[in-house]
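Q: What follows is a single structure, and I will ask about it in a moment.
The values are calculated or read from the model by the stated rules, or taken from the named source; none is laboratory data. Remember, predicted model here, so these are calculated numbers, not experimental data. Reconstructed Cβ throughout: ideal geometry from the backbone, glycine too, with neighbour counts over all protein chains shown. Ligands, DNA and RNA are excluded from the accessible area calculation, which covers all protein heavy atoms including side chains. Shrake-Rupley method; radii C 1.70, N 1.55, O 1.52, S 1.80 Å.
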Amino acid sequence: MSKVDLLIGCAIVALGTLEAFTVATDYGATETPELWWIGQALVTGVLVWFRRKAPVAVYILMILAQYAWHRQGYEHCQTWQLASLLIVFHTVAAELPFRPGLAWAVTGVLVFDSGAVDHRWLPFDEVIFLTVVFGAAYLSGLGVHAYAVRARRLAEHAEQMERDRERQAVEAVAEERVRIARELHDVVAHSVSMMVMQAGVLRRMQGGENEVLLGIERMGREAVEELRVMLGALRMPLDEAIPQPGLDLLSGTVSTLVSSGLRIALDVVGEPVRLAPGLDLSAYRIVQEALTNAVKHAGESEIRITISYRANAVELEVLDGGGKASSGLSTGNGLIGMRERAALFGGVFEAGPRPGGGFRVHASLPISQEVLADGRIG
């Protein structure tokens, strides 16, 4: 029930009350005002208010109310009564399917035209009048019903088209992901595998104890394995969960680099918390990118990684002492990518040369949920 129906019901009550206090004698009443008319108008207004919820019941009750009205000896119905009848004729057409609505409307017209409600034979001109006004009310409701059906069908068609468009987009993305996976497998994975094999051959030619070459082999195999996982993820449906690396894998990455002869220290400050998957992945990628650049430019100086778990944020810091090669991080895509990852989660990112030499990368990422790493709520 809408507010419009309530307003229409109130208008019926107001009009009935006005006629009860002004023109009661014109309809055959003994005096003006006729107070019991107000109660009848109130009941009619409530019926009009509920007409959409129970159109057939309200339709029948309104015809019975007219029958009771004429049984009181009144020959003509009041203005608010006629308006209410027109509204319910409109409603059976607008709210019911075509055939039931037409059947009820024809039945109502025949009941009024036959004089069954008025208890008298109606003159021909009055029959024509009732047929025209009730028929017009029914046709107006039929037009509203047809418009609503058409609007609903158009909405369903638009929704179906949107679903088709989304399905086609998903299929196109899936095809592109498979194509990219195929290209990566054929080009990148093959090249990295060849590099690992060549490093192994060279190590064995030198006696098999070269730590640098061992580190290259180990990192190459890990790169091939990670690439294999990524290729598998690209071939998976988009809605399947894909495990992603996080800060818990950082110690393994550092251990691999240390075993190859690099000087890297990893410090964890505070009690680790379990980060949201997307935040954990971004934090790991920021440290990974910063570490990669530090290895390139730090030379033989020590690289220090610090992961600090604060009350509302996790802070990442990568420091190096600098080397003979100058750092080009500030103009590369790596810095841009790290800044974008931090900004995605509302974090703060800083990077630049240190006063005493070397380079510093620092990121502070807000923690949306504080869950301790062992599963307890912090």
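Q: Under a point-charge model restricted to the Cβ atoms of Lys and Arg (+1) and Asp and Glu (-1), what is the dipole moment magnitude of the chain relative to its Cα centre, in debye to the nearest 20?
A: Dipole size: approximately 780 debye.
Q: Moving on. Over the Cα atoms of the chain, compute the convex hull volume and normalise it per residue, giving Å³.
A: 244 Å³
Q: Starting from the amide H of Val314, placed 1.01 Å from N in the peptide plane, find each other amide H under 5 Å away whose residue is 5 or more places distant or on another chain.
A: Result for Val314 returns Leu365, Ile367.
Q: Please work out the FRET efficiency for the pair Ser2 and Ala343, using the Cβ-Cβ distance as r and a Förster radius of 51 Å; give the result to the nearest 0.05.
A: 0.65
Q: Continuing with this model, one more query. Counting heavy atoms of the protein chains only and a 1.4 Å probe, report the per residue accessible area for region 3-124 as a whole number of Å².
A: Accessible area per residue, region 3-124: 52 Å².
Q: Please go through region 24-132 and write out the trypsin sites (Lys or Arg not before Pro) that DSSP classes as loop and that have at most 11 other C-beta atoms within 10 Å.
A: Counting only loop positions with at most 11 other Cβ atoms within 10 Å, the trypsin sites (Lys or Arg not before Pro) in region 24-132 are Lys53, Arg120.
Q: Of Thr253, Cys77, Ala65, whose Cα points farthest to the positive end of the dipole of the chain (charges on the beta-carbon: +1 Lys, Arg; -1 Asp, Glu; origin at the Cα centre)?
A: Of the candidates, Thr253 comes out farthest on the positive side.
Q: If you stretched the chain out fully between Glu171 and Leu184, how much longer would it get, using 0.36 nm times the residue separation minus the C-alpha to C-alpha distance?
A: Full-extension gain reported as 2.7 nm.
Q: Considering amide H positions built from the backbone, and no H for Pro or chain starts, which residues 5 or more places from Ile264, or on another chain, come under 5 Å of its amide H?
A: Ile303
Q: How big is region 41-200 by Rg and Dmax over its Cα atoms, in Å?
A: In order Rg, Dmax, the Cα atoms of region 41-200 give 32.6, 113 Å.
Q: Give the share of C-alpha pairs in each 5 angstrom bin for region 65-148, from 0 to the last occupied bin, in whole percents, shortest bins first.
A: 3, 15, 24, 25, 17, 9, 5, 1, 0
Q: Ignoring ligands, DNA and RNA, how do Leu15, Leu281, Leu335 rank by accessible area with a 1.4 Å probe, largest first?
A: The ranking, largest first, comes out as Leu15, Leu281, Leu335.
Q: In debye, nearest 20, what is the charge dipole magnitude of region 1-56 about its Cα centre with +1 on Lys and Arg Cβ and -1 on Asp and Glu Cβ, if you could check?
A: Here the size comes out at about 500 debye.
Q: If you restrict to DSSP beta bridges whose two residues both lie in the chain, what percentage is antiparallel, to the nearest 5?
A: 80 percent
Q: Another question, if that's okay. Could you state how much accessible area Glu126 has, in square angstrom rounded to the nearest 10, with a 1.4 Å probe and all protein chains kept in place?
A: In the full protein context, Glu126 sits at about 40 Å².
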